[in-house]
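The structure appears below as structure tokens.
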Amino acid sequence: MKSPVAVLALVGALALAGCDRDAPFGPLPPGEASVAVQAFYEYDRQAGFGGVDQRALGLRFQLTLPGSNTPVAEGAANEMGVVLLDRVPVGTYDLRVDPAFLGDSLVMTEIDTARVTLVPDDVLTLSVGVTPVSGTVAQARSLPEGRRLWVDGIALNGRGASFDQSIHVLGSDSSAVRVNLPTASPGSEGDSVRVLGRTVSNGATRYLADGLVVLVSEALRPVVAHEVEVAEVGDASGGSLDARLVVARDAVVADTLTVPFVGRRVTIQSGDDEFVALLRNQNGFDGPLVPGTPVVAIAGLLVPDPDTPGRWLMVPRSRNDALFGQLPSGG
């Protein structure tokens, strides 16, 4: 069922079409009909235009004769996402989105009908949905910049636990990607999610911007951090662990630096190897921590360090991600 907004848009389009006729208040000339299409980007996995779906400005819609690839009538969606094909000769037509508009980055997800027979004075209204293609997390990290795509995976955190309003998604290929979310969104640790985003390059890192999350199922399975050595954290093992949830063990706090209104940057060391963890006040790290404190285990999300190009921060999601030991007596 079309949403009230879609119906009003289509009715309005047909009303405008009537105003453009030579005889604005009369019937269609013999042997002609009209077709109005509500074109939209399907984002919420629900039938019809509504929810978080967006109008598909510029979408080209075509009528072709059966068995032919040559359009008999075609038009582009206006700012309301409406395509109006007026004074179409009566007959039987196949309905489609222009393949050139779809290219290799969009697919059609919904159309009310793919073939129609128009009769004189016919007024046909229908909806057409398109959406970006789906891919793996690894593909999201390798596609050309600016491409939009859907990715399925497990959420490694909730948006509020990150320092840049992102969730990290772990794919079935064991790759992870950071998805920046401009607004509040579903998705908590362990949820199965379907995310849409635009690929962005930032130096040697890749992430998805302008993200949108669709919750598939809650708490699908426990999230287990990937075991790493301290030496692997600072450069995310050459970048291959970017966006992953990792855990390092048996180290010591070497230094701390307070970041006003944020928390602390804590240097964690084991022998000659070290990395920096960002302990956010918002994530429960508001107590004192002094150099020399043993680090039994610490887990967190790996994100590029905005202050040090080529280095990564570990960002624990909550106080449960870190286990510190006691200083020796007199320490």
statement: Just one listed residue, out of 235, 173, 250, 242, is acidic (Asp, Glu) and in a strand (DSSP E or B), and it is 250
- request: Go through the range 200-221 residue by residue and tally those that are under 18 Å from residue 302 (Cα atoms) and in contact with a Lys or Arg (Cβ under 6 Å, 6 or more places away or on another chain).
  value: 3
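Yes/no matrix, rows are residues, columns are (1) open to solvent by 10 Å² or more (accessible area, probe 1.4 Å); (2) of a type in the set (Gly, Ala, Ser); (3) touching a Gly at 6+ places or on another chain (Cβ under 7 Å); (4) free of Cβ contacts under 8 Å to residues at least 60 places away in the same chain:
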residue: 141; (1), (2), (3), (4): yes, no, no, no
residue: 162; (1), (2), (3), (4): no, yes, no, no
residue: 170; (1), (2), (3), (4): yes, no, yes, no
residue: 176; (1), (2), (3), (4): no, yes, no, no
- line: Within the range 178-202, restricting to residues that are among the charged types (D, E, K, R) and in contact (Cβ under 8 Å) with a residue 60 or more places away in the chain, the one that is surrounded by the most Cβ atoms within 10 Å (Cβ to Cβ) is 178
message: Given the criterion open to solvent by less than 20 Å² (accessible area, probe 1.4 Å), among the small types (Gly, Ala, Ser) and either over 19 Å from residue 319 (Cβ atoms) or in contact with a His (Cβ under 8 Å, 6 or more places away or on another chain) (or both), identify the matching residue among 243, 277, 254.
response: 243
- request: Give the residue, chosen from 214, 266, that is open to solvent by less than 50 Å² (accessible area, probe 1.4 Å) and touching a Ser or Thr at 6+ places or on another chain (Cβ under 8 Å).
  value: 266
statement: Okay, strands (runs of 3 or more DSSP E) sitting entirely in the range 36-127 with 2 or more residues that are open to solvent by 20 Å² or more (accessible area, probe 1.4 Å), I get 71-76, 82-89, 91-97, 106-111, 115-118
query: If you take the residues in the range 271-328 that are among the aromatic types (Phe, Trp, Tyr) and in a strand (DSSP E or B), which one is nearest to residue 256 (Cα to Cα)?
result: 275
- line: When the range 306-320 is checked residue by residue, the ones that are open to solvent by 10 Å² or more (accessible area, probe 1.4 Å) and under 16 Å from residue 243 (Cα atoms) are 306, 309, 310, 311, 312, 317
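Evaluate the range 207-218: report whether one residue or more is under 27 Å from residue 235 (Cα atoms), assigned to a loop (DSSP other than H, G, I, E, B) and in contact (Cβ under 8 Å) with a residue 60 or more places away in the chain.
no
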message: If I filter the range 280-290 for residues that are modelled with pLDDT of 95 or more, surrounded by 15 or more Cβ atoms within 10 Å (Cβ to Cβ) and farther than 29 Å from residue 154 by Cβ, do I get at least one hit?
response: no
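The values are calculated or read from the model by the stated rules, or taken from the named source; none is laboratory data. Model, not experiment: these values are computed from the prediction. Neighbour counts run over all protein chains shown; Cβ positions are idealised from the backbone, glycine included. To get the accessible areas, we keep the full protein, side chains included, count just its heavy atoms, and leave off ligands, DNA and RNA. Shrake-Rupley method; radii C 1.70, N 1.55, O 1.52, S 1.80 Å.
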